[in-house]
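Each reported figure results from applying straightforward, stated rules to the coordinates on display, with no laboratory input. Source: prediction; values computed, not measured. Quick reminder, even Gly has a Cβ in these numbers, built from the backbone with ideal geometry, and neighbours come from all protein chains shown.
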């Protein structure tokens, strides 16, 4: 689920926590679509507190990335680790997304 959103220097920073299963992916997708429809196209998503993501969650991120890129924006993922990082590597999605290390809102 999304724990926090914050606009910083024109980028919408989003912190996601827990596991991302079908139900969570739907809620997260709806939040992204709301923000995109409000004109936000630059996103940084902190996944450092996500311990698992299923195929629906991966598909949701691919869908959101496509929507954002079509509007001239970007979707960066930050803080991938453990099983989540392994899933991105196994599916080669690590090549499709801009990946960054670290975590947001640490101050």
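Things worth noting here:
- Sorting the Cα pairs of the stretch 21-61 by distance into bins of 10 Å, from 0 upward, gives 27, 55, 18 percent per bin.
- GNM result for the chain, Cα springs below 10 Å: residue of 47, 93, 75 fluctuating most strongly: 93
- Dividing the mean sequence gap of close Cα pairs (under 8 Å, 6+ apart) by how many residues the stretch 2-100 holds gives a relative contact order of 27 percent.
- Percent of Cα pairs exceeding the 25 Å cut-off, where the set is the chain: 10 percent
- Distance between modelled label sites at residue 83 and residue 8, nm, 7 Å Cα→Cβ extension: 2.8 nm
- Multiplying the residue separation of residue 23 and residue 100 by 0.36 nm and subtracting their alpha-carbon distance yields 25.1 nm.
- Two-site label geometry, residue 37 and residue 92: point separation in nm, points 7 Å out along Cα→Cβ: 3.5 nm
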